[in-house]
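To start, the structure itself, in structure tokens.
The values are calculated or read from the model by the stated rules, or taken from the named source; none is laboratory data. Treat the numbers as computed from the prediction; the structure is a model and nothing was measured. A quick note on method: Cβ atoms are made from the backbone with ideal geometry, for glycine too, and the neighbour counts reach across all protein chains shown.
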Amino acid sequence: MSSSHLDEIDRTLLLIAEARECAERTARTMRQEVGDARLACALDATDQSLLAVHAELLRTAYLAPGREQLKLAG
């Protein structure tokens, strides 16, 4: 994987994190302002889904063994 690939992965992780923060902030604001509870719940679910996507990308890109390591192990 090249450094430009890692830069794009980092940029993607940042965008996912920003989207999570936006969903979380909006859900919190809606609850404080007695907004639509349905939408607040949907935003909470979106936040959790984005968290899972972020974790999976992070794990796959930086923590999972590469193909070379798998060949050595097996």
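Summary table
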{"quantity": "First in the stretch 18-43 and in contact (Cβ under 8 Å) with a residue 12 or more places away in the chain, second anywhere and loosely packed, with under 13 Cβ neighbours inside 10 Å and not in a helix (DSSP H, G or I), Cβ under 7 Å, 6 or more apart", "calculated": "Met30/Asp36"}
{"quantity": "Only one of Ala27, Ala23 that is part of a helix (DSSP H, G or I) and modelled with pLDDT of 95 or more", "calculated": "Ala23"}
